[in-house]
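**Q** Mind looking over this structure? Questions follow.
Every number here is computed from the coordinates shown, using simple stated rules; none is lab data. Note that the structure is a prediction, hence the values are computed from the model and not measured. With ideal geometry, Cβ positions are generated from the backbone for all residues, glycine too; neighbour counts draw on all protein chains shown.
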Amino acid sequence: MPGDLPKRADFCAQTGVMSGVGASVAVLAAANVLNNRLLPRAYVPTSVAATGVLLALARRHGLTLEDLGLDRPTRGRGLLWAAGSVATVSAVYSAVAAVPATRTAFVDQRARKSLGGAAYQALVPVLFGTVLLEEVGFRGVLWGLLNRRQGPGVATAVTSVLFGLWHILPSRDMGRHNRAVGRAFGPGAGSQRAVTASAVVATTVAGAVFGELRRRSGSLIAPAGLHWATNGLGYLFTSALRRRTVV
């Protein structure tokens, strides 16, 4: 029947979106296991390779640069949002570091002692390992696919939950590496589960903030800037505080 053609077309389009979402989630899950359990030393190459696969999937499913938040008209706006995020996070971290009671948040064994080492962590593993993969994967490809069919609200909600679940594996050693987290939750299996649950909730909320930045700016650069500032500046502040303590 001719009247059934639009319904069939819509069903096929919906099926294509779900296929793209499923494939993208599978790529992200594989990268997560490789980075956190099987090949942690190949963190950056694995993340870059997975990003390439995700972009290939985006092209296969018809996403444009605009769908991914990478089109030219929104780049300037995205850069302005990113610069504002870096300035804001720097101010917040400076305030936290200035208070002895909250300064322990920066005591993290994963950070390098030297400022040069911390800069390397911020500019290579964080930028090309963490931010590139997670922003292209969650706020780029997945957000673009879901937004095209379901709108920005659903896109942000779904990607935020997936982003939270993505942090289950990385959070498993958080209490051991970060002194403030270790003190807050204490030792034991129950405490570890609490750390993981807290990390999932916190990163789900962060994912919602990143998704809203993506929606408001229209650019993937905006959430990527805030994401890098949160992680990358953390390493730099940690290193600076450790050097001051040693001196």
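**Q** Determine the sum of side-chain charges near residue 131: Lys and Arg each +1, Asp and Glu each -1, restricted to other residues whose C-beta is under 15 angstrom from that of residue 131.
**A** In short, 0.
**Q** Sticking with the crude label model, points 7 Å out along Cα→Cβ, report the distance from residue 39 to residue 201 in nm, one decimal please.
**A** 3.6 nm
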